[in-house]
Number of protein chains: 2
Amino acid sequence: MRRDDKIILAHGSGGKLTRSLVSETFLKKFTHPALAELDDAARVRIGSDRICFTTDSYVVKPLFFPGGDIGTLAVYGTVNDLAVMGAEPLYISCGFIVEEGLELSLLDRIADSMAEACRIANVSIVTGDTKVVESGSADQLFINTTGVGLLPKGREFGIERIVPGNRVIVSGTIGDHAIAVLAAREDLGLKLDDLTTDCAPVNGLVRKVIDRFDGVKFMRDPTRGGLATVLCEIAESGRFSVHIWDEEIPVHREVKGICEILGFDPLYLANEGKVVMIVDGKIADEVCDVLRSDPLGVNAAVIGEIRADNPGDVVLHTVIGGSRLIKMLAGDQLPRIC
Amino acid sequence: MRRDDKIILAHGSGGKLTRSLVSETFLKKFTHPALAELDDAARVRIGSDRICFTTDSYVVKPLFFPGGDIGTLAVYGTVNDLAVMGAEPLYISCGFIVEEGLELSLLDRIADSMAEACRIANVSIVTGDTKVVESGSADQLFINTTGVGLLPKGREFGIERIVPGNRVIVSGTIGDHAIAVLAAREDLGLKLDDLTTDCAPVNGLVRKVIDRFDGVKFMRDPTRGGLATVLCEIAESGRFSVHIWDEEIPVHREVKGICEILGFDPLYLANEGKVVMIVDGKIADEVCDVLRSDPLGVNAAVIGEIRADNPGDVVLHTVIGGSRLIKMLAGDQLPRIC
């Protein structure tokens, strides 16, 4: 990264350039060890308790899309970042940046969505801030939500716990959110039959699994950058490879169709109500059964395994018996998806 | 507020319209009692501890101004919101919304400022997020910082503790930040001799006072809306009036000069390193001495008192012996000041 470079959209993609910005700019200056973990949320001690603490800004375009809006997204996104760390999400802060001229009725509807999302996810918005900028200085509305959750004793998940023989589980179809938002960008003329965003709080789903099983090694919600990016980040530890089977990966019929038309790869598409879990091989099928018993996990599947060969690689095995390496994206398939 | 209304800049001013937006839209939907307090930070319980939790988005324009930049502002602003609640600021989250095309070197300088500000305020950035939007969809850079701090047992400040006979203290000159940012808006052609933003972390200053004295009733940092808005919010409780003396209020010579030229009232101008304290009348002078012994409080002054007459009023007594009522601003003197 040269110092005369400029920020491009891919710096916000969650992929390779986001990584380089974070490691070459932020991690060199902000040196707290909790940040360096680069998890979905920081694990820190406060008083006699351990909490998880996570932040996300939402710039999704358009504000409303099939099955949700920027408000639901902002609440569930932050809830999910806490949940996959094993924390119990409790409190949410909410910072609005509003463009002058936005209709109050829109803000009202979005606040309604947030209130309803909080009720469903069992969290509370306890503090907030509203800034207004001149017309043309922001695009309608951006929302930051930051969350804190209590991390119970003994809840430790992390890439360092993953070993060969572990299995890879995804809790449902991938790419639904990205395609639902894409379809809402009217200029594309895409029409959906029954696909909506998967935007949902996974804290209940996650809890069903971690309360019952000891062998969960690692969890993450595959948002920006999708499933592929999560698996690449896991493999980057260099201690093992990740193998996944194309025909096992659940993809909604309409996502598959639109991806074929537009040349997108569902592996890289954002999800907002899914969990990737790496679990002990022995419990993988049972975990999947528990996930499938929940409405949010009906399409859960064991999609791959951790191996000792070729450490660092993520290998996709295709239906016809071939295989290809999965890499982090350098560019951005779909900006402003969350 | 009619439902066909639109957001205007004054909704972000911190004054009357911000209040109406918060009470008529957000407080009706988000019903957690900690939010309804409308303090600078929410007081909530987590595990066996009490924490304070606060959020602010920064949209200041321009990004750099005499004595600081959006990065210092973002860290100190959040530190100060925790400090005035009596909490010990500990962890900060940082969400960047970046406009495509921003020079990386600018982001680099701002991250340097944030790291330095964290060092000075003794807090850590432990989690972050970066979103990039297309050129024209944001104005260079917006930063959200959200902070958590530990609230020690017995630390209880609040408007409900204020009684007639209490005194009003301000920790230094008012309006410095607003005028420093205004001067940096080059098109105005304002030149400053020695005025800079007062942007600073007040946690050390506050602690010197609250560790020593029991009689501190209430504290707030007078940011957007300035000293006047804080005093109006206090008086709104309707149990007492607030009287302040014009000649006692510390105002920097250059702030006074520019306010006279441009017709601004320093009482409504934003500060970013000041505290308003309401304290027991008996300790007011001693508290002031402690504040003055700190570099951040050298201009601290007792500027007024709480009285039982005309409850709800904020009365400014002028040098020539007159008086006028101070009201919350309906409009916005200076948008995008923080």
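The values are calculated or read from the model by the stated rules, or taken from the named source; none is laboratory data. The structure displayed is predicted, hence computed values, not measured ones. Backbone-built Cβ (ideal geometry, glycine too); neighbour counts: all protein chains shown. Protein only, heavy atoms only, side chains kept; ligands, DNA and RNA dropped before computing areas. Shrake-Rupley method; radii C 1.70, N 1.55, O 1.52, S 1.80 Å.
Some observations on this one:
- Of the whole protein surface, B:Asp193 contributes about 120 Å² of accessible area at a 1.4 Å probe radius.
- Each part gets one Cα centre, and for region B:67-98 versus region B:16-42 those centres are 21 Å apart.
- The GNM of chain A, with springs linking C-alpha atoms under 10 angstrom apart, assigns the highest mean-square fluctuation among A:Glu24, A:Glu254, A:Glu99 to A:Glu24.
- Peptide A:148-156 shows a mean partner chain C-beta count of 2 within 10 Å per residue C-beta.
- Cβ charges +1 (Lys, Arg) and -1 (Asp, Glu), total dipole of the protein assembly as shown, debye: 1100 debye
- Label point 7 Å beyond Cα of B:Val163 along Cβ direction - residues of region B:293-308 with amide nitrogen under 20 Å: B:304-308
- Computed over the Cα atoms of region B:256-313, the ratio of the radius of gyration to the Kirkwood radius (Rg/Rh) comes to 1.05.
- Under-5 Å amide H pairs with B:Glu272, H placed in peptide plane, nonlocal only: B:His177, B:Asp198, B:Cys199
- Annotation: A:Thr25 carries an accessible surface of approximately 0 Å², with a 1.4 Å probe and no ligand, DNA or RNA atoms counted.
- Rough spin-label spacing in nm, given labels placed 7 Å along Cα→Cβ, for A:Ser105 and A:Asp211: 4.2 nm
- The mean number of Cβ atoms from other chains found within 10 Å of a Cβ in peptide B:251-264 is 0, as a whole number.
- Charge dipole of region A:32-150 about the Cα centre (unit charges at C-beta), most positive-ward option of A:Leu150, A:Thr78, A:Ile97: A:Leu150
- Other residues with beta-carbon under 13 Å from the beta-carbon of A:Ile303 carry, at +1 per Lys or Arg and -1 per Asp or Glu, a net charge of -3.
- For B:Cys232, net neighbour charge (Lys/Arg +1, Asp/Glu -1) across residues whose Cβ lies under 10 Å away: 0
- Secondary-structure-derived ellipticity at 222 nm for chain B, considering helices only, amounts to -8000 deg cm²/dmol, per-run term -39500 (n - 2.57) for DSSP H runs with n ≥ 4.
- Across the identical copies, the 7 Å label point of A:Ile120, projected outward along Cα→Cβ, sits 4.4 nm from its counterparts, in ascending order.
- Sequence-distant residues sharing a close amide H with A:Ile326 (under 5 Å, placed H): A:Val314, A:Val315, A:Leu316
- Packing rank of A:321-330, B:201-210, A:278-287, where each peptide gets the mean count of other beta carbons within 10 Å, highest leading: B:201-210, A:278-287, A:321-330
- Chain A - percent of accessible surface contributed by carbon and sulfur, probe 1.4 Å: 48 percent
- Pairs of alpha carbons in the protein assembly as shown separated by more than 50 Å make up 14% of all such pairs.
- Size of the B/A contact, given as accessible area buried on both chains, probe 1.4 Å, in Å²: 6900 Å²
- Of B:Gly165, B:Gly189, B:Gly14, the residue with the greatest mean-square motion in the GNM of chain B, using alpha carbon springs below 10 Å, is B:Gly189.
- Straight-distance crosslink candidates among lysines, where the alpha carbon sits under 20 Å from B:Lys274 and sequence neighbours closer than 8 are dropped: B:Lys208, B:Lys217, B:Lys256
- Listed values for region B:185-200 are Karplus-derived 3J(HN,Hα) couplings in whole Hz (6.51 cos²θ - 1.76 cosθ + 1.60, θ = phi - 60°), namely 7, 3, 4, 7, x, 7, 10, 9, 7, 9, 7, 10, 4, 8, 2, 6, and x replaces Gly and Pro.
- Within 10 Å of each Cβ in A:178-190, the average number of Cβ atoms from other chains: 0
- Model label points for B:Lys191 and B:Arg119, set 7 angstrom from Cα along the Cα-to-Cβ axis, are 3.4 nm apart.
- Candidates B:Ala300, B:Ala34, B:Ala83: whichever shows maximal mean-square fluctuation once chain B is modelled as a Gaussian network with Cα springs under 10 Å: B:Ala34
- Sequence-distant contacts, meaning Cα pairs under 8 Å at least 6 residues apart, place the relative contact order of chain A at 24 percent.
- Summarising the label geometry, the points placed 7 Å from Cα in the beta-carbon direction at B:Asp294 and A:Ser135 lie 4.4 nm from one another.
- In percent, rounded to a whole number, the relative contact order of region B:159-325 is 43, using alpha-carbon pairs under 8 Å and six or more apart.
- Accessible area expressed per residue, chain B, with surrounding protein chains retained (probe 1.4 Å, Å²): 36 Å²
- A simple rule links phi to the HN-Hα coupling: the Karplus curve 6.51 cos²θ - 1.76 cosθ + 1.60 with θ = phi - 60°, which for region B:24-38 gives 8, 10, 6, 5, 6, 9, 9, 10, 5, x, 5, 6, 4, 5, 6 Hz, with x for Gly and Pro.
- When only the Cβ of Lys, Arg, Asp and Glu is charged (+1, +1, -1, -1), the dipole of chain B relative to its Cα centre reaches about 1000 debye.
- In summary, the helical segments of chain B meeting the span-like criteria, namely a full DSSP H run, a Cα extent along the axis of 20 angstrom or more and a mean Kyte-Doolittle hydropathy of at least -1.0, are B:104-121.
- Taking all Cα pairs closer than 8 Å and separated by 6 or more residues, the relative contact order of region B:1-151 comes to 30 percent.
- Among beta bridges that DSSP assigns inside chain B, antiparallel share in %, nearest 5: 75 percent
- Pairwise Cα distances in region A:32-150 exceed 21 Å in 39 percent of cases.
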